[in-house]
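Comments concern the structure below.
What follows is calculated from the coordinates using simple rules that are stated; it is not laboratory data. On a predicted model such as this, the values are computed, not experimentally measured, just so you know. Positions of Cβ are backbone-derived with ideal geometry, glycine not excepted, and every protein chain shown enters the neighbour counts.
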4 protein chains.
Amino acid sequence: MDQMKVIADLSVIPIGVGVSLSKYVAACEKVLNEAELDIKLHAYGTNIEGDWDAVFAAIKRCHEVLHEMGAPRVSCVIKAGTRTDRKQTMDDKIESVKKKL
Amino acid sequence: MDQMKVIADLSVIPIGVGVSLSKYVAACEKVLNEAELDIKLHAYGTNIEGDWDAVFAAIKRCHEVLHEMGAPRVSCVIKAGTRTDRKQTMDDKIESVKKKL
Amino acid sequence: MDQMKVIADLSVIPIGVGVSLSKYVAACEKVLNEAELDIKLHAYGTNIEGDWDAVFAAIKRCHEVLHEMGAPRVSCVIKAGTRTDRKQTMDDKIESVKKKL
Amino acid sequence: MDQMKVIADLSVIPIGVGVSLSKYVAACEKVLNEAELDIKLHAYGTNIEGDWDAVFAAIKRCHEVLHEMGAPRVSCVIKAGTRTDRKQTMDDKIESVKKKL
């Protein structure tokens, strides 16, 4: 296995910075975009597609950036899926479900 | 608090039914649609918006339906967010981030 | 299916109440205890075992209590596992893994 | 920030290998132990404490090992918390809650 591909989902909560979190989420979007990952923001997180190492380096960078922005604590939830039987993109996953609706 | 509104995210994994899960995810989409909830499928789950009781009744029904379809085990991950300071829809959340990009 | 048993895991983050969250987590522990559920606190959440309806009623109550304590936003992550092939407790799950170590 | 400490929680589901998952969970426990991380198995995952890079390298290795054991798909859920205001261990977190019960 050279590079393990992953489809991930990330939601990040900075703690101790008040009730409005959107500027912190926006900062993470920028980190993920600068990492040249395929991403798609949704209402409770961001889908991310790419090589495992690149995806998780970007997620680490999100934590660092939120701390640099002043968040004393950052908690995230990551879902990560890998498969070796075949290639599958984020769009493939969605299409596969929609075909069966 | 009459009805507590919730924005949730659900991903469901039936266990012991092989490697292709899309027909089970599609069955859950139908359950959520029949419950007349606002939903949006993404590549690692489904965003759901509605009253707490309606949302969680539908999630319970997803587990029941997957068992009825033959899955001996079902594992789900739910993220659920409530707020009392103001109303906010799923679209509001996404717009709020996009404005800051 | 009369009562569907569930083994769940709950972690709750009140947002907008500062950096120390332990008193809110303790309040949730009390809610879960008063619901007479089997629970076990760990370093990133609480395992909960019981009937689906009782477990999710208690989780809803946790959100309500944290709002009553002053949290304008509450975000939780729930993992929930159900199985129809056999009974299994939280201790069974842990023993089953430990036997294979 | 030299090494960012993290308290994490990992649950892993191999997909397409049948209904019994404990041997796969045990294999992950071995990976985490060999990485010399502080870990604590619970009924819905494993708490992990260590340097960010070491923790996430071990989580990647878990995915690789499960694929090597024959799982065509692996899905995991990771919760990860970092803080810059003070040091805190997994035991500290639990004690902090228990003192308030």
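Between region C:1-48 and region D:18-84, the C-alpha centres lie 23 angstrom from each other.
Globularity index of the protein assembly as shown is 0.90 (Cα radius of gyration / 2.2 N^0.38 Å, N = number of residues). Take each residue in D:58-68, count the other chain C-beta atoms within 10 Å of its C-beta, and the mean is 3. Simple spin-label estimate for A:Met69 and B:Val19 gives 3.9 nm between the two label positions (7 Å along the Cα-to-Cβ direction from each Cα). For region A:23-39, the Karplus equation 6.51 cos²θ - 1.76 cosθ + 1.60, evaluated at θ = phi - 60°, returns couplings of 5, 6, 5, 4, 4, 5, 4, 5, 4, 5, 5, 5, 7, 6, 9, 6, 9 Hz by residue, with Gly and Pro reported as x. Mean partner shielding of peptide A:34-44, defined as the number of other chain Cβ atoms within 10 Å of each residue Cβ, is 5. Peptide A:84-90 is shielded by partner chain Cβ atoms: per residue, an average of 4 of them sit within 10 Å of its Cβ. Distances between copies of C:Ser20, taken at a point 7 Å out from Cα along the Cα→Cβ vector and listed shortest first: 2.8, 4.8, 5.6 nm. Put in order of Cβ neighbour count within 10 Å, fewest first, the listed residues D:Ser22, A:Ser20 become A:Ser20, D:Ser22.
The sum of -39500 (n - 2.57) across all DSSP H runs of n ≥ 4, divided by the residue count of chain D, sets its helix-only mean residue ellipticity at 222 nm to -12000 deg cm²/dmol.
Closest approach of a chain C beta carbon to the axis mapping chain C onto chain B (residue, whole Å): C:Ile78, 2. Between copies, the label points of C:Gly70, set 7 Å from Cα on the Cα→Cβ line, lie 2.0, 5.6, 5.7 nm apart, reported in increasing order to one decimal in nanometres. Close Lys pairs in chain D, defined as Cα atoms under 22 Å apart and 8 or more places apart or on different chains, number 24. Contact order for region D:5-98, expressed relative to its length and based on alpha carbon pairs under 8 Å spaced 6+ residues apart, stands at 45 percent. Counting only Cβ charges, +1 for Lys and Arg and -1 for Asp and Glu, the dipole size of region D:1-100 around its Cα centre is about 440 debye. For B:Asp85, inter-copy separations between label points set 7 Å beyond Cα along the Cβ vector come to 1.6, 4.5, 4.6 nm, shortest first.
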